[in-house]
Amino acid sequence: MTRTPYEYAIIQAMPRIERGELINVGVLLYSHRHDFLSARTHLDEARLRALDPSADVEAIRGALDAWDRTCAGGGAAEGMRLGERFRWLVAPRSTILRAGPVHMGLAAEPEHELGRLVELLVR
């Protein structure tokens, strides 16, 4: 099977922005050739609470769900093309969730590669 380019960014949670500490909580992957955009997340509550014992876990889970809805074209992303949604999600922001730098890779199956990256970079 032919491998094609994709772009990805690690989704990071920063429970106390002023401290600059963060944990990886997911991966966002976009493949133009495969018409694919998806986020896969895993929130390790113990790791999050190690950074901030008073972290609002439910609010962070809700924000992660919003990333999934945006990937699917819901909410404010309605009508946006996949590439536009990806660029919107990886744009710099000062919120509890943010995307790290965008990286490139090659894969035959974006869904499989997304799972591999989550295991490697988040879990």
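Considering Arg87, Arg69, Arg81, the condition of being in contact with a Gly (Cβ under 6 Å, 6 or more places away or on another chain) and over 19 Å from Leu121 (Cα atoms) is satisfied by Arg69 alone.
Cβ separations smaller than 8 Å between residues 6+ apart or across chains give the following pairs from region 97-123 residues that are farther than 27 Å from Gly20 by Cα to residues that are of a type in the set (S, T, N, Q) and outside any strand (DSSP E or B): Ala108/Thr2.
Scanning region 82-123 for residues that are assigned to a loop (DSSP other than H, G, I, E, B) and of a type in the set (A, V, I, L, M), we see that the one that is farthest from Ile11 (Cα to Cα) is Ala108.
Per the conditions (1) within 9 Å of the chain's Cα centre (by Cα); (2) exposed (fewer than 13 other Cβ atoms within 10 Å of the Cβ), the sole criterion not satisfied by Ile10 is (2). Which of the residues spanning region 73-96 are under 25 Å from Arg19 (Cα atoms), among the aliphatic types (A, V, I, L, M) and in contact (Cβ under 8 Å) with a residue 12 or more places away in the chain? Within region 73-96, Leu89, Val90, Ile96 meet the criteria.
Being assigned to a helix (DSSP H, G or I), basic (Lys, Arg) and either surrounded by 20 or more Cβ atoms within 10 Å (Cβ to Cβ) or at negative phi (or both): is that true of Arg33 here? So Arg33 fails the test.
Summed over region 43-71, residues that are surrounded by fewer than 18 Cβ atoms within 10 Å (Cβ to Cβ), under 20 Å from Pro110 (Cα atoms) and in contact with a helix residue (DSSP H, G or I) (Cβ under 6 Å, 6 or more places away or on another chain) total 1.
Going through (1) surrounded by 11 or more Cβ atoms within 10 Å (Cβ to Cβ); (2) at pLDDT below 95 one by one, Gly79 falls short only on (1).
Within region 40-79, the set of residues being assigned to a loop (DSSP other than H, G, I, E, B) and either closer than 23 Å to Glu113 by Cβ or of a type in the set (Gly, Ala, Ser) (or both) comprises His42, Leu43, Asp44, Ser54, Ala55, Ala72, Gly73, Gly74, Gly79.
The values are calculated or read from the model by the stated rules, or taken from the named source; none is laboratory data. These numbers were taken from a predicted model, which means no experiment stands behind them. Cβ coordinates were reconstructed from backbone atoms using ideal geometry, including for glycine residues, and neighbour counts include every protein chain displayed.
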